[in-house]
Amino acid sequence: MTERVRRWGIAVAGTVTLVSVGLLAAEPALFAGAAIPLAYVLFGAFARVPAADLDAERTVAAATPTPGDPVEVSLTVENTGDRSLTDVRVIDGIPSELRVVEGSPRDCGSLRPGDSLTVEYAVRSKRGTYAFDDTAVRIRPLAATEVATTTVEPDGDTALTCANVVSEVPLADATLPRAGTLPTDSGGSGLEFHATRDYQPGDPVSRIDWRRFAKTNELTTVEYREEQAVRTVLVVDARPPTRVTPEPGYPTGAELSAYAAERLLDALSRSSVVASLTAVGLAEEDLVGGLDPDGLAWVDPDGGAQSPQANRLFDGVQSAAARDSAAADATGGNATAGVAADGSGVVSDDGQVQDPYLRRLLARLPPTAQVVVFSPALDEWPVELATSLRARSYPTTVVSPDVTGGEQLGQSVAALERQLRLESLELVGATLIDWNLVDPIDIAMRASLAELFSR
Amino acid sequence: MTHTDRPTATSTALVVLATLATATVLVRAIGVSMPATLGGVGAVLLAVAVWTAGWDRYRAVGTALSSLLALPVGIGLVAATIGTVIVLAGVLFPVPSLSQLPATVIALSARAMVVVGAVAAVFGATVAVGNVLDRATAKRAAASSFKTTLLPLVLGLVLVAGAVLDYLQSSRDVPGVGAVVGDVLRAVTTVLFEPPSVRPRLTAFLVLAAVALIVTRRALGALPLSEIATGTPAERAIESVRRALFWGSVLVSLGIPIGILSDFVVPTRQLRNSLSPALFDLLTSLTTAPGPRAVLWWTIVVGVATLLVVTLLRRLVQSSADRIGATLAPFAAGTTVVVGTTVVADPVLSALIDWVADTLPGEFGPRFRELSGAVVEFYGPLALVMTAIGVVLLVATLATTALWLTLLTKYLDDRTAGVGIASAALFQTAAFAGVVGVSTTVLFGSLIAAVLVWDVGEFGTTLGREIGGGSGARRTELVHATGMLAVGGVGATAALAIESDSVGAISVSGGTVVLGLVAVLAGLLALLVALR
């Protein structure tokens, strides 16, 4: 697309002024001087964009980055034609979801035949695959009175893929002594010896201690440590207050929670633990196929994080977060915008559960389950949830990504409030894993798994 | 202002350098450095004032700075215009013969226009740094400058008017202002507060009573009584009091026409007869007693004061400190200017008169000193200096307002306002310098500079918006600037060729040559239209 730019109005006016004043004042120098602006006007009028032949190549540095990591991108545009281009402006087509965190995807240069121009920048990666658009190129002649805007399709990398699940097992040293079971302190049938007691009629013959009967002629029954098959329920807190980021372009608290849950789900499925997954706070339109009738997004995935149900739920969290951050961008909100919401009214004074999410969640939980809550703890909701769970004797673990790390005053306040909430979480008896975003997620995961199975 | 419209550093530097160099060379060729320097400083300060007026984050501080800068800006602008004319008059006058007068006046005006153009160019170039001039900032700067002007100008005019009235009072046999005002006041207070107790004075009394009732009702409504009072009985009581006040005021207002009738239409005797004498006396003593009237008056005063305070407090609570500061800052600056003027009025005035008297040529100097002495004696130094400061501030206000209006007309684009002003002003400066007769080299050089300032500035602004000043931007800009300089060189060569060939042709005084030139001009214009 080529268009003319009218940028010599002032020179035209200057020409006319000089000619007029030169004639009026009978000044030959002024009259002759009109040739100078006129020269510019004529030069501009005859200037045309030269025929250009450009090649581009893009390189994305990291093949499979972790969400939140900066990924360096390098784009090289080469003038393969035989004419010099005095003014070439290049803008790389970054996926609109990704945010540039370093450098600029735009540059310009004067390219002789064979010369090339390299644009280097870094984007903050997000979960998923994002395709780059073609590179926009704008060429002007020397007088800049015409602009040609085209696109160039770069060779090389055309997409940034941010994989959630790494292929190697990250939790090698997390010992899982009883996969999928929870040892209890009561005697019964099982594998591990617990106690002996007097025989009672009806006890299984196989559990009678025959050696002892042979020695003492008394019937005793051996009890083993009773084992319950438990379900691990992963609760992702994706309510609107959690959809804030520590800095622009970084994944939101909800996305980080979902990411941690995905990693843990993967590890659990490798260890054959029966796990359920639920996300709280999604809207009907966020999830493909909609929510369950009780307003929760609940899946019992077969096959861990790779299962289609689990993926659908994680995608739902991501689309909710994207929808919310788009709205926040429009209103100029930042990380502290949604933090102020407090959890007052979640539980009323007489202990009645008020919050609909909380009520539905408690109703849906199986009677024997251990619960892992993933929440950035930006309001009182996770504390109320953990309190309610502990009151119903659910073993509870809270994994909390810290999105309050920032220099601003509001972020400092939010960080202090979050710290207080984490303390109250520990006070109600929940196991707490505070995930500092500077550390890799595997450290937090390792800690949470160890906590989960050391009971 | 959006930051994406910020021009690149290289182009800004080129624009500023080219403008400053060209303006300096042209002004030096004219030979008025002192007023031009003052004007240049004023232009830079004006740019700074526009910039600070546009601060969004520290609006109060920005507005205060912008307001305080109005005075030096005004001084600079006055120096660049009136100062230049005075200095040039000292150099060019007196003329040896009357026949040279028109030429000298033209030369003087042209040189003054060169200085004005140079000052405008400096302003444009300064404002192009960071692209701070747009409609919003110009409007804010004009507003703060206007508010700053108000107090000194009004005070100065009041002082001058007071001096004139004093003179009228002393020289002719007319009553002074004080006497007239006193008479009016006395008449009003008599009617309102202490009427003679010979007959009932219902009208003024009822008006006072009605206003007092209305004001009390409004004040009760404005005060946060219902918020403070807890419980329904208290609220109900307040409501009933307000209702009673409303009906009371309605009744009293209905009585006013009767009062007018009894006061001004019915004669005293007839009134006394129609009423019984006892009732007449009672009415007379009630409506003319100063006590009740004073109570009513003070009720009105307290009620209005309460209303004002409540309104002010509501406003203050609803707006931020920065906003209040931004509203008050210009007036504070105006007060500062007034205080400063009061302190330094005497020495400044005598120094100014001495400078003008010494600068003016020939016998104008002593005559000016004589005349100004009489004027100073008549008005007093404070009134004169205060008015002069007010006028100087007014000049700054007019300049900023003119800027804003120009931007409103969209002849200047917000994006390239600075370089547009710089370039147009340089064109004007060069044209007038050409009229005065600077050397051809300087003239052609300034014309190239004038076009280049626009070209490089506009190019840099577009580049800044599209790319944002990356590493490759500087090279591209330098390539562009060099290329365009070469085009200017070609133009200058052509101009030199035309000039050397055409000197003879143009100096011939004949209709045919002029006609031919007009035809050439028309042809050029037609060419341009065709090219577009």
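The values are calculated or read from the model by the stated rules, or taken from the named source; none is laboratory data. The model shown is predicted, which means the values in this text are computed figures rather than measured ones. All Cβ positions, even for glycine, are placed from backbone atoms using ideal geometry, and neighbour counts span all protein chains on display. Calculation scope for accessible area: heavy atoms of the full protein, side chains included, ligands and nucleic acids excluded. Shrake-Rupley method; radii C 1.70, N 1.55, O 1.52, S 1.80 Å.
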Checking B:V343 against (1) within 27 Å of B:T148 (Cα to Cα); (2) touching a helix residue (DSSP H, G or I) at 6+ places or on another chain (Cβ under 7 Å), which test does it fail? (2)
Result of the Cβ filter at 8 Å on segment A:5-16, keeping first residues that are more than 8 Å from every other protein chain (Cβ to nearest Cβ) and partners that are among the aromatic types (F, W, Y), at least 6 apart or interchain, is A:W8/A:Y40
Are there any pairs with C-beta distances below 9 angstrom linking a residue in segment B:472-483 that is within 7 Å of another protein chain (Cβ to nearest Cβ) and polar (S, T, N, Q) to a residue that is outside any helix (DSSP H, G or I) and surrounded by 16 or more Cβ atoms within 10 Å (Cβ to Cβ), with the two at least 6 apart or on different chains, and if so which? B:T476/A:T86; B:T476/A:D87; B:T476/A:V88; B:T476/A:R89; B:T476/A:C108; B:T476/A:G109; B:T476/A:S110; B:T476/B:I467
Find the residue count for segment A:14-29, including only residues that are farther than 23 Å from B:A486 by Cβ and assigned to a helix (DSSP H, G or I). 9
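Quick one: which of A:L432, A:L385, A:L416, A:L422 is within 18 Å of A:A254 (Cα to Cα) and open to solvent by 10 Å² or more (accessible area, probe 1.4 Å)?
On the way: A:L385 fails: open to solvent by 10 Å² or more (accessible area, probe 1.4 Å); A:L416 fails: within 18 Å of A:A254 (Cα to Cα); A:L422 fails: open to solvent by 10 Å² or more (accessible area, probe 1.4 Å).
After ruling out the rest, the residue left standing is A:L432.
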If I ask for residues that are surrounded by fewer than 24 Cβ atoms within 10 Å (Cβ to Cβ) and more than 7 Å from chain B (Cβ to nearest Cβ), which ones from segment A:39-49 would you list? A:L42, A:F46, A:A47, A:R48, A:V49
If A:E27 meets every condition in (1) modelled with pLDDT of 85 or more; (2) facing chain B (nearest Cβ under 7 Å); (3) under 21 Å from B:A497 (Cα atoms) apart from one, which number is that one? (1)
Residue check: is B:T441 of a type outside the set (A, V, I, L, M), in contact (Cβ under 8 Å) with a residue 40 or more places away in the chain and either under 16 Å from A:G9 (Cβ atoms) or part of a helix (DSSP H, G or I) (or both)? no
Sole exception among (1) within 14 Å of another protein chain (Cβ to nearest Cβ); (2) under 21 Å from A:T149 (Cβ atoms); (3) open to solvent by 20 Å² or more (accessible area, probe 1.4 Å) for A:A52, by number: (1)
If A:S96 satisfies all but one of (1) surrounded by fewer than 16 Cβ atoms within 10 Å (Cβ to Cβ); (2) away from chain B (no Cβ under 14 Å); (3) in contact (Cβ under 8 Å) with a residue 12 or more places away in the chain, what's the number of the condition it fails? (3)
For residues that are over 16 Å from the mean Cα position of the chain (by Cα) and farther than 15 Å from B:L71 by Cβ, scanning just segment B:40-53, find the one that is surrounded by the fewest Cβ atoms within 10 Å (Cβ to Cβ). B:W51
Would you mention how many residues in segment A:39-64 are of a type in the set (A, V, I, L, M) and in contact with a Leu (Cβ under 7 Å, 6 or more places away or on another chain)? 6
For A:K126, work out the one condition from (1) more than 14 Å from chain B (Cβ to nearest Cβ); (2) part of a strand (DSSP E or B) it doesn't fulfil. (2)
Exactly one of these conditions fails for A:A363: (1) crowded, with 20+ Cβ neighbours inside 10 Å; (2) closer than 21 Å to A:V274 by Cβ. Give me its number. (1)
Could you please tell me which pairs satisfy a Cβ distance under 9 Å, a separation of 6+ or placement on different chains, a first residue in segment B:128-147 that is on the phi > 0 side of the Ramachandran plot, and a second residue that is part of a helix (DSSP H, G or I) and of a type in the set (S, T, Y)? B:G130/B:T12; B:N131/B:T12; B:N131/B:T461
Give segment A:102-120 a look and list any residue that's outside any loop (DSSP other than H, G, I, E, B), open to solvent by less than 60 Å² (accessible area, probe 1.4 Å) and farther than 15 Å from B:G468 by Cα, or say none. A:S110, A:L111, A:L117
